[in-house]
Structure formats: structure tokens, C-alpha cells
Amino acid sequence: MKKYDYLIFDADHTLIDFEADEREAFRKIFALCGRRADEDMLARCRELSVRTWDDVGLSDVDDAVIQRTYHELYRSHLPLLFSRIFREFPTEMSPERAAEIFLRLLEEGGAPEKGAEKVLSVLSEATGGKYRICVATNGLHAIQTGRLKGMEKYFYRVYISEDIGVIKPLSAFFARILSDLHTTKDKCLMIGDSLESDIAGAKGAGIDSCWVNPSGRSSGEILPDYTVRELAELLSLLV
């Protein structure tokens, strides 16, 4: 493996478990409404969340309109999501109110992905490793900052799309990182789970990438430089 100075990690589904944080937020909202959310309810909420995300286009990160409106859509799709949820699981809370609470509850999350803290501890310069660890994530500042707080001691820099003003996979996102770090693309490795955002984005910017692919699915035409099934495999590659 080439020598890198900076390891740039994606956040959701790479370092932190979005589904776990979302699940807990759903559970707390139902609790506020006086309802106990069972496993079937929470699973259905997750299904509706994925469907709504896709319906409004948030998964289409290559679309120019979505790229311009991503953060606005992130917020505005939530009342639609909760209108769908409450249609199946009625409460007295309005979808708009639930959306507001949901955003705040997500800020309290930060469930780590399997092996994340051990890997960061071994690799991070801040805790005796040889790499400067950065995070590059699409999302809202308050939510991502809150959810990453438990790991912040490992990070040299955190880059959030709402702060930068553009999202992955746009080259401008990665250019901002390189400029801020005063480094070159050959000194960086992007590590993430999303082929479309992380791997394709890094490739477009000329940065090497490592795909975290726990399911072992095909990458199709998007070719990462490295692939691991779980984060712990990074240690054998990088240490």
C-alpha cells in the first residue's frame, strides 16, 4: 500500500451507525406521544425513511438539482416522512413538530459502527498512530457534529457538507479539504461505504479510496483502490 498522511473517513455507515441513531430517535418520539414502539413499528419506520429519502431524490447525489438543494431537502423531507409514519401509527403530534424533534434527537446520537473506535485509536496521530484522521460527511452541521462528538479526540479535521456548501461527490468538496489541509491528493486516502458519494467522489478528485463493503456486493463500474469487509481490516492494510 502507498504511504498516506491523511485518512479521510466518511461518517454514516462507516464510523457511526445512522440506522441505530435513527431508530432511537423514532423510539423517543413515539414515547413522547405515549406509545411504545415495538420492533415491527421501528422496522416499518426505517422502511418509510428509506422510501421517503429516495422519493425526494436525496439518494441521487449525482443530480445537479439535488446537489444544490441537498441540505434544504434534508430538512424539508422530514414532515413528509412523519406524515407517512403517523398515517400508519397515528399520534396527536403533528408531522412538522415530529420533524423538529427528530432533528434534535439525532444530534444526541453517535452509535459507533463495529470496530470504529479501536481502528481510530490505532491509526490516529492523536492517540499514537501515524495518520491524521479526518472526517468528510454529507449532512447538517448540528447533527453530524453532535453524533461525532464521542470520537472527536481522534480527529484532526471534520468536514461537513453544510459548512462547505457542496456535497460529495463534487470535486469542489474534496478540493476544499486538500486546500485546508495544505496537502496533495496522493497523500490522502478516502474511506467510506458509499460508492456514489465516497468512492466515485474521491476518484473524480484523483484521491485513492477504500470501500467499506460489509455485504460483499459488486462495485460495478466504480472501482475503489482497496476494499474491506469491515473496518478492522484497515489495520492490516495501514499499520
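The values are calculated or read from the model by the stated rules, or taken from the named source; none is laboratory data. Keep in mind the model is a prediction, meaning the values are calculated, not measured. Please note: Cβ atoms are built from the backbone with ideal geometry, for glycine as well, and neighbour counts cover all protein chains shown. For accessibility, only protein heavy atoms count, side chains too; no ligands or nucleic acids. Shrake-Rupley method; radii C 1.70, N 1.55, O 1.52, S 1.80 Å.
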Query - Checklist (1) within 17 Å of the chain's Cα centre (by Cα); (2) under 30 Å from TYR4 (Cβ atoms); (3) assigned to a helix (DSSP H, G or I); (4) not hydroxyl-bearing (Ser, Thr, Tyr) applied to LYS118, failing item - result: (1)
Query raised in the report: Looking at region 38-47, which of the residues that are touching a residue at least 40 places away in the same chain (Cβ under 8 Å) and open to solvent by less than 50 Å² (accessible area, probe 1.4 Å) is farthest from THR137 (Cα to Cα)?
Result: MET41
Query raised in the report: Taking region 58-70 as the search range and keeping residues that are free of Cβ contacts under 8 Å to residues at least 60 places away in the same chain and aliphatic (A, V, I, L, M), which one is most open to solvent (accessible area, probe 1.4 Å)?
Result: VAL65
Query raised in the report: Is it true that GLY146 is open to solvent by 10 Å² or more (accessible area, probe 1.4 Å), modelled with pLDDT of 95 or more and in contact with a helix residue (DSSP H, G or I) (Cβ under 6 Å, 6 or more places away or on another chain)?
Result: yes
Requested in this report: State which residue is surrounded by the most Cβ atoms within 10 Å (Cβ to Cβ) when the search covers only region 89-106 and only residues that are closer than 15 Å to ARG75 by Cα and without any contact (Cβ under 8 Å) to a residue 24 or more places away in the chain.
Outcome: PRO95
Query - Out of LEU73, LEU80, sole residue that is touching a Pro at 6+ places or on another chain (Cβ under 8 Å), in a helix (DSSP H, G or I) and either over 26 Å from VAL212 (Cβ atoms) or open to solvent by 30 Å² or more (accessible area, probe 1.4 Å) (or both) - result: LEU80
Query raised in the report: Among the listed residues ALA175, ALA126, which satisfies the condition of being touching a Lys or Arg at 6+ places or on another chain (Cβ under 8 Å), aliphatic (A, V, I, L, M) and open to solvent by 50 Å² or more (accessible area, probe 1.4 Å)?
Result: ALA126
**Report entry** Tally of residues being open to solvent by less than 10 Å² (accessible area, probe 1.4 Å) and among the β-branched types (Val, Ile, Thr) across region 107-123
**Finding:** 1
Query raised in the report: If the Cβ limit is 7 Å and pairs must be 6+ apart or interchain, which residue in region 210-239 that is closer than 16 Å to PRO169 by Cα pairs with which residue that is in a loop (DSSP other than H, G, I, E, B)?
Result: CYS210/PRO224; CYS210/ASP225; TRP211/SER219; TRP211/PRO224
Report task. Could you check, for region 28-42, whether at least one of its residues is acidic (Asp, Glu), part of a helix (DSSP H, G or I) and touching a Gly at 6+ places or on another chain (Cβ under 8 Å)? Result -> no
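Kindly check whether there is at least one residue in region 16-30 that is among the β-branched types (Val, Ile, Thr) and surrounded by 15 or more Cβ atoms within 10 Å (Cβ to Cβ).
yes
Look at region 137-160 and say how many of its residues are farther than 19 Å from VAL212 by Cβ and not basic (Lys, Arg).
10
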